[in-house]
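Participant: One structure coming up, written as structure tokens, with questions to follow.
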Amino acid sequence: MNGDFTLYTPTKVVFGHDVETRAGELVKAFHGTRVLIHYGGSSAERSGLLNRVEDSLRAADIPFVSLGGVVPNPRLEKVYEGVALCREFGVDFILAVGGGSVIDSAKAIAYALGEPEHDVKELYEHTRTPKACFPLGVVLTIAASGSEMSDSSVISYEDKKRGVNSDLCRPKFALMNPALTATLPAYQTAAGCSDILMHTMERYFVNGHRMELTDAIAEGLLRTVMRYAKVLRDDPENYEARAEILWAGSLSHNGLTGCGNDANDFASHRLEHELGALYDVTHGAGLTAVWGSWARYVMKNCLARFVRFATNVMQVEPGKTDEETAIKGVEAMEDFFRSIGMPTNLSELGVNPTEDEIKLLAKNCAIATNGKVGSAMPLYEADMEAIYRMAAK
């Protein structure tokens, strides 16, 4: 209850125009000699980004091999494919070119290479903890997950979506050119902005000690993302807006907005992980589809935080009671989500779970969280089931 914290953010950030052309320089600076370029779909090829990254590695006399095909909610099968390729080529450095899914897949490959005597799946099953990880760097193309500076990696397999957290996987560097995000579809931009908001709100809606400065940083980040998400809705190629959102994505998930917390929440993320595993939905959209139901369910248990959020972030007029003010804040956030084309319930997400599926989602979420998750209000399996059911109405 005293606000003690440790903040570890070792990633070197190089931000601005054309920074992807410095990939070879940065790989060499962190002692990489043989590289796996890991990426997603064909857009990185069509745009010329991969060519620029490859030319940069050639200029630094660094041999490389490439593996594309990473999909949203990245799959363990692709990780195994990458591990085999890296061992065949003698890779000692992973370079992720893409967004959160590519980076998470790259982290999983790096974990596997770090402990070749083990199956990396064990980390995501939480039957052991990581002890080693190969170095990796990032050329970021999507503002969303914050994985370019975070300690987190999430992988999907066998209808599961599981994460592992360790400082070992924090990237050595992140090359961040806002212009690279300008070709994203509007839906992906909005989903990314939503994920950024949620990473901060998961650290904001907590019980226990908070630091005033951390609150101010978090609230400023939330207001900034909401402002520029609307700018990008109307002007997708606005460089300044892209820059604000890109930097916010990193700061939202590198630990800064949770400094001094007694705990973090992350219940909405855990609820969404099961939606992503079962229905393969876009992560940011899945988050907005459950957030309002989660907020209403836990609000009375964390009322002061919801009141502060309503007044300081959503800037609503206070109601006659704290509960009325809090509800107005939740409704204002849902209005914002809708304004950028994001769903606020499962039906709008395109998901209509049966009663059996609701129970399965809750059961799997409880298993993944060892029976309990949350700080705003600790959630157990019955609570998870109730929130899914609320979101499905």
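The values are calculated or read from the model by the stated rules, or taken from the named source; none is laboratory data. Note that this is a predicted model, so its numbers are computed, not measured. Every residue, glycine among them, receives a Cβ derived from its backbone with ideal geometry; neighbour counts consider all protein chains shown. Calculation scope for accessible area: heavy atoms of the full protein, side chains included, ligands and nucleic acids excluded. Shrake-Rupley method; radii C 1.70, N 1.55, O 1.52, S 1.80 Å.
Participant: Looking at the range 112-158, which of the residues that are part of a loop (DSSP other than H, G, I, E, B), surrounded by fewer than 23 Cβ atoms within 10 Å (Cβ to Cβ) and of a type in the set (Ser, Thr, Tyr) is farthest from the chain's Cα centre (by Cα)?
Facilitator: 127
Participant: Any residue at all in the range 252-263 that's assigned to a helix (DSSP H, G or I), surrounded by fewer than 24 Cβ atoms within 10 Å (Cβ to Cβ) and not polar (S, T, N, Q)? Full working, then the answer.
Facilitator: Quick first cut of the range 252-263, residues assigned to a helix (DSSP H, G or I) only: 252-253, 256-258.
Add one more test, that the residue is surrounded by fewer than 24 Cβ atoms within 10 Å (Cβ to Cβ), and what stays is 256.
Still in the running and not polar (S, T, N, Q): 256.
Checking the range 252-263: at least one residue is assigned to a helix (DSSP H, G or I), surrounded by fewer than 24 Cβ atoms within 10 Å (Cβ to Cβ) and not polar (S, T, N, Q).
Participant: On to the next question. When both residues are 6+ apart or on different chains and their Cβ atoms are under 6 Å apart, which pairs have a first residue that lies in the range 37-55 and is surrounded by 15 or more Cβ atoms within 10 Å (Cβ to Cβ), and a second that is not hydrophobic (A, V, I, L, M, F, W, C)?
Facilitator: 37/66; 39/68; 39/98; 40/98; 52/20; 52/21; 53/20
Participant: Sticking with this structure for a sec: Answer yes if at least one residue in the range 214-221 is among the aliphatic types (A, V, I, L, M), more than 24 Å from residue 95 (Cα to Cα), buried (at least 19 other Cβ atoms within 10 Å of the Cβ) and out of contact with any Phe, Trp or Tyr (no Cβ under 6 Å at 6 or more places or on another chain), and no otherwise.
Facilitator: Keep residues of the range 214-221 that are among the aliphatic types (A, V, I, L, M), which gives 216-218, 221.
Add one more test, that the residue is more than 24 Å from residue 95 (Cα to Cα), and what stays is 216-218, 221.
Narrowing the set further to residues that are buried (at least 19 other Cβ atoms within 10 Å of the Cβ) leaves 218, 221.
From what's left, out of contact with any Phe, Trp or Tyr (no Cβ under 6 Å at 6 or more places or on another chain): 221.
Checked the range 214-221: at least one residue is among the aliphatic types (A, V, I, L, M), more than 24 Å from residue 95 (Cα to Cα), buried (at least 19 other Cβ atoms within 10 Å of the Cβ) and out of contact with any Phe, Trp or Tyr (no Cβ under 6 Å at 6 or more places or on another chain).
Participant: A further question on this structure: Would you confirm whether or not the range 163-179 contains a residue that is basic (Lys, Arg), buried (at least 17 other Cβ atoms within 10 Å of the Cβ) and under 30 Å from residue 300 (Cα atoms)? Explain how you work it out, then say what you get.
Facilitator: Start the filter on the range 163-179 by keeping residues that are basic (Lys, Arg), which leaves 170, 172.
Applying the additional criterion that residues be buried (at least 17 other Cβ atoms within 10 Å of the Cβ) yields 170, 172.
If we keep only those that are under 30 Å from residue 300 (Cα atoms) as well, we get none.
No, the range 163-179 contains no residue that is basic (Lys, Arg), buried (at least 17 other Cβ atoms within 10 Å of the Cβ) and under 30 Å from residue 300 (Cα atoms).
Participant: Among (1) in a helix (DSSP H, G or I); (2) out of contact with any helix residue (DSSP H, G or I) (no Cβ under 6 Å at 6 or more places or on another chain); (3) surrounded by 18 or more Cβ atoms within 10 Å (Cβ to Cβ); (4) among the hydrophobic types (A, V, I, L, M, F, W, C), which single condition is residue 206 missing?
Facilitator: If we test residue 206 against (1) in a helix (DSSP H, G or I); (2) out of contact with any helix residue (DSSP H, G or I) (no Cβ under 6 Å at 6 or more places or on another chain); (3) surrounded by 18 or more Cβ atoms within 10 Å (Cβ to Cβ); (4) among the hydrophobic types (A, V, I, L, M, F, W, C), just (1) comes out false.
Participant: Restricting to the range 56-72, name every residue that is open to solvent by 60 Å² or more (accessible area, probe 1.4 Å) and under 25 Å from the mean Cα position of the chain (by Cα).
Facilitator: Once the filter is applied, which keeps residues that are open to solvent by 60 Å² or more (accessible area, probe 1.4 Å) and under 25 Å from the mean Cα position of the chain (by Cα), the range 56-72 yields 71, 72.
Participant: Looking at the structure I just gave you, is residue 316 more than 29 Å from residue 227 (Cβ to Cβ) and of a type in the set (A, V, I, L, M)? First the steps, then the outcome.
Facilitator: Values: more than 29 Å from residue 227 (Cβ to Cβ): no; of a type in the set (A, V, I, L, M): yes.
Criteria not met by residue 316.
Participant: For the range 57-97, name all the residues that are β-branched (Val, Ile, Thr), assigned to a loop (DSSP other than H, G, I, E, B) and either over 20 Å from residue 43 (Cα atoms) or out of contact with any Phe, Trp or Tyr (no Cβ under 9 Å at 6 or more places or on another chain) (or both). Explain how you work it out, then say what you get.
Facilitator: Filtering the range 57-97 for residues β-branched (Val, Ile, Thr) gives 62, 65, 70-71, 79, 83, 91, 94, 97.
Pick out the ones that are also assigned to a loop (DSSP other than H, G, I, E, B) and you get 62, 70-71, 91.
Result: 62, 71, 91.
Participant: Kindly provide the set of residues from the range 303-323 that are in contact (Cβ under 8 Å) with a residue 60 or more places away in the chain and crowded, with 21+ Cβ neighbours inside 10 Å, ordered by number.
Facilitator: 305, 306, 309, 313
Participant: Please state which one of 288, 224 is in a helix (DSSP H, G or I), in contact with a Phe, Trp or Tyr (Cβ under 8 Å, 6 or more places away or on another chain) and of a type in the set (Ser, Thr, Tyr). Walk me through it before giving the result.
Facilitator: Numbers: 224 fails: in contact with a Phe, Trp or Tyr (Cβ under 8 Å, 6 or more places away or on another chain).
Of 288, 224, the one residue that is in a helix (DSSP H, G or I), in contact with a Phe, Trp or Tyr (Cβ under 8 Å, 6 or more places away or on another chain) and of a type in the set (Ser, Thr, Tyr) is 288.
Participant: To continue, here is another question. Search the range 344-363 for residues being over 11 Å from residue 274 (Cβ atoms) and without any contact (Cβ under 8 Å) to a residue 24 or more places away in the chain, and hand back the single one that is most open to solvent (accessible area, probe 1.4 Å).
Facilitator: 356
Participant: Sticking with this one: Which residues, counting only those in the range 74-99, are surrounded by fewer than 21 Cβ atoms within 10 Å (Cβ to Cβ) and at positive phi?
Facilitator: 90
Participant: Next question, about the same structure. Pick from 232, 197: which is in a helix (DSSP H, G or I), modelled with pLDDT of 95 or more, within 20 Å of residue 373 (Cβ to Cβ) and open to solvent by less than 30 Å² (accessible area, probe 1.4 Å)?
Facilitator: On the way: 232 fails: within 20 Å of residue 373 (Cβ to Cβ).
That would be 197, the only listed residue that is in a helix (DSSP H, G or I), modelled with pLDDT of 95 or more, within 20 Å of residue 373 (Cβ to Cβ) and open to solvent by less than 30 Å² (accessible area, probe 1.4 Å).
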